[in-house]
Amino acid sequence: CRLAGFHGNERRGRWGPVGPRPPLAAMFADRTVPGAEVASLWRSSRSALCQPKSCQTGKISTTEAAVQLHTSQDASVQTDQSKDAVQDFQQEVQVDYTSLLSFLQRVEDAVIKELNKNWKSHAFDGFEVNWVDQNETVLCLHTLSYPEAQGQNLQVTSLSWNATGSVVACSYGRLDGEDRSTEKSYICTWNLDRRGLNPQRPDLVVDVPSSVMCVAFHPSQPALIAGGLFSGELVVWDTSRTEDPVVWRTGMTGDTHTDPVYQVDWLPDAKRRNHHRLLSVSTDGKILVWREERDGRLALAEGFAVVAQQVPHRTQLKKLAWGEVAVGVTSLSFSHFDPRVFVVGVEGGYPLKCSTAAETPALHRTGSSVSLRAPVELAFSPHGGPVYSVSCSPFHRQVLNLFLSCGTDGQVHLHSLLQTQPLLSLQLSQKYLFCVRWSPVRPLVFAAASGEGNECSCLTGDVHLFDFERSSQKPALSIKQAGGDHPVYCLEFNTKQTQLLAAGDAAGTVRVWQLSSDFTEQGPREMNQLEQLASEITD
């Protein structure tokens, strides 16, 4: 209300005066009244809607993938250049050919003299540029196994790398001498370059109705692999086939071995270029060469037999059904210098030099479809027990022709094909030595596989790496392959990926070792060092 609208003590209503006005003191007096509260309905309604929540995105899935182009093409890019620019450049380049010719004539004699001096120099003999990263230690890259074979207590009897060096194969069987001709066994392969490699799940498993004693990949066809069985039969499988991988087999005929086959090898066919024949070795004394037939058979092409009249009398002999006497052959290695020459190890302890050019008949009543010949030319000084493995040096020189042999006496003998006595005898182990292999890249390095000497021992199987450059008396390194009483039966260098060495043992395990650079890089004049070592030993 507006106070200016009142006059004196008179009150007025809407239509006129309404009576006397009360005093101002009665109208305006100090008074204290209680406070009032007004609840906020908006705030309470908003609070009622608030609920605790968490915010989380959905699970993020990740994956890794590699992209590899199957084809490649090189292309060069050249910017366009105007004719004027080319003409300007050609005008700027001016060569004084008269002075250049005079200079070259003055220095010609000196340059030719220096070039001849460099050509005759031996400063860089044996030197090769190494583009591979240096490895300082020996590492176990893979431990491979097939649980089903291990469940049957099967052993790794043999190993082989395929032609590309990326796939390793092993045969499962038993080497304890019991009859395993009808025992189920396996051949397993692993591709070490494959992404997602499962060490306990082979890429390929081939079921075999007899114990497999040895395997060998074809030298140029990565999918073909040959195997020798306890029953004496030979089989060739094509690992690229998903069903029925058998492509050739000998069957059980009059030509088939009568004892277990302990080694198979592929030999170049002298009559057909880029073809190979299959060679087999058995303790029945026979060395047989097989050819492939179109009907899936392996037919006997030629054969040899090691018989008593060719070896010293102390050799262990086997009486055959037809009255002849044979010597059990356990291993074989061809010379890298002369393809006709090969060395065999026999049960009697002798390494024997043999030749495929031999013409002397061996066994007169064999029942074979071809006549067998006697191949032995020379018997070397024996081991103290059966010879289990021989290996010819891949670094051939006519003056050397070296090979290694090992056996149950725990010794490795270094031989020359030119003399009967060993150049060197190395006692690497008090246990058996089952396998010896010369390095494919270093002339002074070899590897040997060892195991326990009897059933009562509990010694660890070892892989021994020997380097003549470091010592001519003891191994440079001994690797523990496995614990317990499990000998190492076989080992193979990888000739393509030369830093890899595979070893198989009686526990059914294959270990792939990455060798250090010390064992894979050939030093300057290493061949000369090997020749010097052999000469010193001979003298």
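The values are calculated or read from the model by the stated rules, or taken from the named source; none is laboratory data. Keep in mind the model is a prediction, meaning the values are calculated, not measured. All Cβ positions, even for glycine, are placed from backbone atoms using ideal geometry, and neighbour counts span all protein chains on display. Ligands, DNA and RNA are stripped out before the accessible areas are found, and what is left, the full protein with its side chains, is counted by its heavy atoms. Shrake-Rupley method; radii C 1.70, N 1.55, O 1.52, S 1.80 Å.
Whenever a residue of the stretch 270-286 is without any contact (Cβ under 8 Å) to a residue 60 or more places away in the chain, its partners that are in a loop (DSSP other than H, G, I, E, B) and of a type in the set (A, V, I, L, M, F, W, C), lying with C-beta atoms within less than 6 angstrom and at least six residues away or across chains, give the pairs 285/306; 285/327. Within the stretch 163-194, the set of residues being outside any strand (DSSP E or B) and buried (at least 24 other Cβ atoms within 10 Å of the Cβ) is empty.
Looking at the structure I just gave you, is residue 335 open to solvent by 10 Å² or more (accessible area, probe 1.4 Å), touching a Cys at 6+ places or on another chain (Cβ under 6 Å), within 27 Å of residue 489 (Cα to Cα) and at pLDDT 90 or above?
Working: open to solvent by 10 Å² or more (accessible area, probe 1.4 Å): yes; touching a Cys at 6+ places or on another chain (Cβ under 6 Å): yes; within 27 Å of residue 489 (Cα to Cα): yes; at pLDDT 90 or above: yes.
Yes: the conditions hold for residue 335.
Looking only at residues in the stretch 428-448 that are open to solvent by less than 20 Å² (accessible area, probe 1.4 Å), over 15 Å from residue 481 (Cβ atoms) and out of contact with any Leu (no Cβ under 8 Å at 6 or more places or on another chain), the one that is modelled with the highest pLDDT is 439.
When restricted to residues that are touching a residue at least 60 places away in the same chain (Cβ under 8 Å) and surrounded by 18 or more Cβ atoms within 10 Å (Cβ to Cβ), the stretch 240-258 contains 1. So is residue 228 in contact with a Cys (Cβ under 9 Å, 6 or more places away or on another chain), open to solvent by less than 10 Å² (accessible area, probe 1.4 Å) and either within 17 Å of residue 167 (Cα to Cα) or not aromatic (Phe, Trp, Tyr) (or both) or not? Yes.
Checking the stretch 260-273 against the condition returns no match, with no residue being touching a Pro at 6+ places or on another chain (Cβ under 6 Å), open to solvent by less than 50 Å² (accessible area, probe 1.4 Å) and either basic (Lys, Arg) or outside any strand (DSSP E or B) (or both).
Of everything in the stretch 410-427 that's open to solvent by less than 40 Å² (accessible area, probe 1.4 Å) and within 29 Å of the chain's Cα centre (by Cα), which residue is farthest from residue 346 (Cα to Cα)?
Restricting attention to the stretch 410-427, the residues satisfying the condition of being open to solvent by less than 40 Å² (accessible area, probe 1.4 Å) are 410, 412-417, 422-424, 426.
Subset that is within 29 Å of the chain's Cα centre (by Cα): 410, 412-415, 426.
Values: 410: 16, 412: 15, 413: 14, 414: 17, 415: 16, 426: 19 Å.
Only one residue fits best here, namely 426.
Determine whether the stretch 195-215 contains at least one residue that is in contact (Cβ under 8 Å) with a residue 60 or more places away in the chain and either assigned to a loop (DSSP other than H, G, I, E, B) or surrounded by 14 or more Cβ atoms within 10 Å (Cβ to Cβ) (or both). The answer is yes, given that some residue of the stretch 195-215 is in contact (Cβ under 8 Å) with a residue 60 or more places away in the chain and either assigned to a loop (DSSP other than H, G, I, E, B) or surrounded by 14 or more Cβ atoms within 10 Å (Cβ to Cβ) (or both).
Determine, yes or no, whether residue 352 is crowded, with 21+ Cβ neighbours inside 10 Å, of a type outside the set (Gly, Ala, Ser) and under 37 Å from the mean Cα position of the chain (by Cα). First the steps, then the outcome.
Numbers: crowded, with 21+ Cβ neighbours inside 10 Å: yes; of a type outside the set (Gly, Ala, Ser): yes; under 37 Å from the mean Cα position of the chain (by Cα): yes.
Judged against the criteria, residue 352 is a match.
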